[in-house]
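Asker: Mind looking over this structure? Questions follow.
The values are calculated or read from the model by the stated rules, or taken from the named source; none is laboratory data. In this text, all values refer to a predicted model and were calculated from it rather than measured experimentally. Cβ placement follows ideal geometry from the backbone for every residue including glycine, while neighbour counts extend to all protein chains displayed. In case anyone asks, the SASA skips ligands and DNA or RNA and just uses the protein heavy atoms, side chains included. Shrake-Rupley method; radii C 1.70, N 1.55, O 1.52, S 1.80 Å.
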Amino acid sequence: EHTIALMLALARRIYPAVNSLKQGRWEKSSLRGHEVLGKTLGLIGLGRIGSLVASKAKGLDMRVIAHDPYASPERAASSGVELVSLETLLSEADFVSVHTPLTPQTKGLVGAEELALLKPTAYVINCARGGIVDETALEAALREERIAGAALDVFVEEPATENPLVSLPNVIA
């Protein structure tokens, strides 16, 4: 639910709209969001939590694709999820959500090269573990507006009060 809530908050631009209004501004037309209906959610990891997120996204009429070298194609297909390569996931997804443990193999799994594959309208969501998404590369992609935004619930160092990602306007932290 938390992942879905963050995805919807990103899509509908809820956080910037709330901040704008609290600062006494009415910027309704510039803060228009978009629906997730028909959009593609790419899940990195299709274990227990990834599967729950997939189920909820399917209920929102989203296309769900996943990259997980350990998931069986039969199990994925029975959930209406298409298993794809990481490169395909990154290039096709409107939202990329991370659902893997932090291991030596997944540390920095989403770095500068991977972020470069994303659409400029794509969003990154990480509620799994800090360190799977390279924070320096993510910050650069967000500052240069090569991707639309991110929602982060985890960081390499916590509390993340000094993390530069927290201050970016296109980040929900």
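Asker: Looking at (1) part of a helix (DSSP H, G or I); (2) touching a residue at least 60 places away in the same chain (Cβ under 8 Å); (3) of a type in the set (A, V, I, L, M, F, W, C), which is the one condition that is false for A151?
Answerer: (1)
Asker: Take the residues in the range 95-131 that are touching a residue at least 60 places away in the same chain (Cβ under 8 Å) and farther than 19 Å from M62 by Cα, then tell me which one is surrounded by the fewest Cβ atoms within 10 Å (Cβ to Cβ).
Answerer: So the residue we want is C127.
Asker: Right, K39: touching a residue at least 24 places away in the same chain (Cβ under 8 Å), surrounded by 15 or more Cβ atoms within 10 Å (Cβ to Cβ) and of a type in the set (K, R) or not?
Answerer: Numbers: touching a residue at least 24 places away in the same chain (Cβ under 8 Å): yes; surrounded by 15 or more Cβ atoms within 10 Å (Cβ to Cβ): yes; of a type in the set (K, R): yes.
Considered against the rule, which asks whether it is touching a residue at least 24 places away in the same chain (Cβ under 8 Å), surrounded by 15 or more Cβ atoms within 10 Å (Cβ to Cβ) and of a type in the set (K, R), K39 comes out as yes.
Asker: Next question. Output the residue which, of all residues in the range 1-34 that are loosely packed, with under 12 Cβ neighbours inside 10 Å and over 19 Å from C127 (Cα atoms), is farthest from the chain's Cα centre (by Cα). Give the steps one after another, and end with the answer.
Answerer: Going through the range 1-34, the residues loosely packed, with under 12 Cβ neighbours inside 10 Å turn out to be 1, 22-24, 26, 28-30, 32.
Add one more test, that the residue is over 19 Å from C127 (Cα atoms), and what stays is 22-24, 26, 28-30, 32.
Working: K22: 26, Q23: 27, G24: 29, W26: 27, K28: 24, S29: 24, S30: 22, R32: 19 Å.
It comes out as G24.
Asker: Here are some residues: V156, V166. Which one is out of contact with any strand residue (DSSP E or B) (no Cβ under 7 Å at 6 or more places or on another chain), surrounded by fewer than 16 Cβ atoms within 10 Å (Cβ to Cβ) and not acidic (D, E)?
Answerer: Working: V156 fails: surrounded by fewer than 16 Cβ atoms within 10 Å (Cβ to Cβ).
Answer to the selection: V166.
Asker: Okay, moving on. Scan the range 33-58 for residues that are touching a helix residue (DSSP H, G or I) at 6+ places or on another chain (Cβ under 9 Å) and not in a helix (DSSP H, G or I) and jot them down.
Answerer: Correct list: G33, H34, E35, V36, K39, T40, L41, G42, L43, I44, L46.
Asker: Can you tell me which residues in the range 137-147 are under 25 Å from G50 (Cα atoms) and surrounded by fewer than 20 Cβ atoms within 10 Å (Cβ to Cβ)? Step through it out loud before you land on a result.
Answerer: First, pick out the residues of the range 137-147 that are under 25 Å from G50 (Cα atoms): 137-139, 141-142, 147.
Answer for the range 137-147, where residues must be under 25 Å from G50 (Cα atoms) and surrounded by fewer than 20 Cβ atoms within 10 Å (Cβ to Cβ): A137, E139.
Asker: Next question. Can you pull out every residue in the range 67-94 that is open to solvent by 40 Å² or more (accessible area, probe 1.4 Å), in contact with a Leu (Cβ under 6 Å, 6 or more places away or on another chain) and part of a loop (DSSP other than H, G, I, E, B)?
Answerer: Those that are open to solvent by 40 Å² or more (accessible area, probe 1.4 Å), in contact with a Leu (Cβ under 6 Å, 6 or more places away or on another chain) and part of a loop (DSSP other than H, G, I, E, B): none in the range 67-94.
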